[in-house]
Amino acid sequence: MAPVMSTVATILTLSDRYCEALEIAPSTLSTRVFNDGKIIGRLRDGGDITTGRAAAAIEWFRVNWPEKVEWPSASLSEAAQ
């Protein structure tokens, strides 16, 4: 069984892949996901968010994931379920 990533690491991995695929800035994605352009940057700098906000973010990625982009890894599969 593959190790499961921390919630923040999961969000950052999803963010990186999404931004790369759509060629958008992390602040743009942060605004879309959290309605705050600074949250992803804060997470990258060691910040944290509530469990509810993290769950909502992962659900946002699941619903809005680009069809032609592969989900990052098997270890993230549990986060999307």
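The values are calculated or read from the model by the stated rules, or taken from the named source; none is laboratory data. Predicted model, so just to flag it, every value in this text is computed and none were measured. Every residue, glycine as well, gets a Cβ built from its backbone with ideal geometry; the counts of neighbours run over all protein chains shown. Only protein heavy atoms, including side chains, enter the accessible area calculation; ligands, DNA and RNA are left aside. Shrake-Rupley method; radii C 1.70, N 1.55, O 1.52, S 1.80 Å.
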Item to check | residue 6 modelled with pLDDT under 95 and in contact with a Ser or Thr (Cβ under 8 Å, 6 or more places away or on another chain) | outcome: no
Next on the checklist: Being over 13 Å from the mean Cα position of the chain (by Cα) and outside any helix (DSSP H, G or I) is the filter here; which residues of segment 1-24 pass it?
Outcome noted: 1, 2, 3, 4, 23, 24
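Residues are listed down the side, and each one gets a yes or a no for (1) free of Cβ contacts under 8 Å to residues at least 40 places away in the same chain; (2) open to solvent by 80 Å² or more (accessible area, probe 1.4 Å):
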| position | (1), (2) |
| --- | --- |
| 11 | no, no |
| 14 | no, no |
| 20 | yes, yes |
| 26 | yes, no |
| 30 | yes, no |
| 37 | yes, no |
| 51 | no, yes |
Item to check | Selection within segment 53-77 - at pLDDT below 95 and open to solvent by 60 Å² or more (accessible area, probe 1.4 Å) | outcome: 67, 68, 70, 74
Item to check | Residues of segment 1-46 satisfying the condition of being among the small types (Gly, Ala, Ser) and out of contact with any helix residue (DSSP H, G or I) (no Cβ under 8 Å at 6 or more places or on another chain) | outcome: 6, 9, 21, 46
